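Participant: Take a look at the following structure, please.
The values are calculated or read from the model by the stated rules, or taken from the named source; none is laboratory data. All figures in this text were calculated on a predicted structure; none of them were measured in a lab. SASA here: full protein model, heavy atoms, side chains in, ligands and nucleic acids out. Shrake-Rupley method; radii C 1.70, N 1.55, O 1.52, S 1.80 Å.
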Amino acid sequence: MDLNLDAPHSMGTTIIGVTYNGGVVLGADSRTSTGMYVANRASDKITQLTDNVYVCRSGSAADSQVVSDYVRYFLHQHTIQLGQPATVKVSANLIRMLAYNNKNMLQTGLIVGGWDKYEGGKIYGIPLGGTVVEQPFASGGSGSSYLYGFFDQAWKENMTKEEAEQLVVKAVSLAIARDGASGGVVRTVIINSEGVTRNFYPGDKLQLWHEELEPQNSLLDILNAAGPEPMAM
């Protein structure tokens, strides 16, 4: 997620949505950056829209937040008028309408996920131009480039809730390992007929991948560590 409007091509984030046999799992890293500076290392990119629908945000933090705020307000009105919860499809189409009609102003890619009694668990991707695409799984942000091959290999239909969440956490941790604009902790949101569960996976508890360094407390720990000197002293 990007705070710097001078970097229009930056979508520094990893966001993921996956369907499973009873609902959906959403996942995201927590790094918000301004150029090379990490402005927030523990941000929450998975935002509640209604009791049963959440959205993962990437791109400009300001743009994604203002779209989410508008849609949350519209959906609240919609729910009162209807007398029942909004569907995932209606939520995604509201975001699509805002993203498409303001495509020249906005720099944000979103993944909507939720559960409703009509269609069950659904994931909708809404990328930069304001298209809406229903998908069994979706990924977004700069980290997603590293994950297409992994999802081709690892995703399968009718996963259990546990399999789906493990897949999401593994995917975000893989993206964090490769993508400098993704990092911090992994957050997940599980949505099904029983409600919503939020989980949190600290960065120092994530699996380390190829050539990834162990977490260090400070630069001094790195300098004093055994092994080849990292820099000439």
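Participant: Could you work out how far helix 88-101 tilts from the main Cα principal axis of the chain, as a 0 to 90 degree angle to the nearest 10?
Facilitator: Roughly 80 degrees between the two axes.
Participant: Also, quick follow-up: Using only the alpha carbons of region 144-191, what is the convex hull's orientation-averaged projected area in square nanometres?
Facilitator: 3.6
Participant: So, one more: Rank these residues by their accessible area, most exposed first, probe 1.4 Å: Phe200, Phe151, Phe137.
Facilitator: Result of the area sort, largest leading: Phe200, Phe137, Phe151.
Participant: Continuing with the same structure: Given an 8 Å cut-off on Cα distances and at least 6 residues of separation, report the relative contact order of the chain as a percent.
Facilitator: 26
Participant: Taking only pairs that are 8 or more places apart or on different chains, how many Lys pairs in the chain have Cα atoms under 22 angstrom apart?
Facilitator: Counting lysine pairs in the chain gives 18.
Participant: Still on this structure: Determine the gain in length on full extension of the stretch Lys156-Lys103; use 0.36 nm per residue of separation and subtract their C-alpha separation, reporting nm with one decimal.
Facilitator: So the extension gain works out to 15.8 nm.
Participant: Any chance you could look up the accessible area of Leu167 with a 1.4 Å probe, heavy atoms only, rounded to 10 Å²?
Facilitator: Accessible surface of Leu167 is approximately 10 Å².
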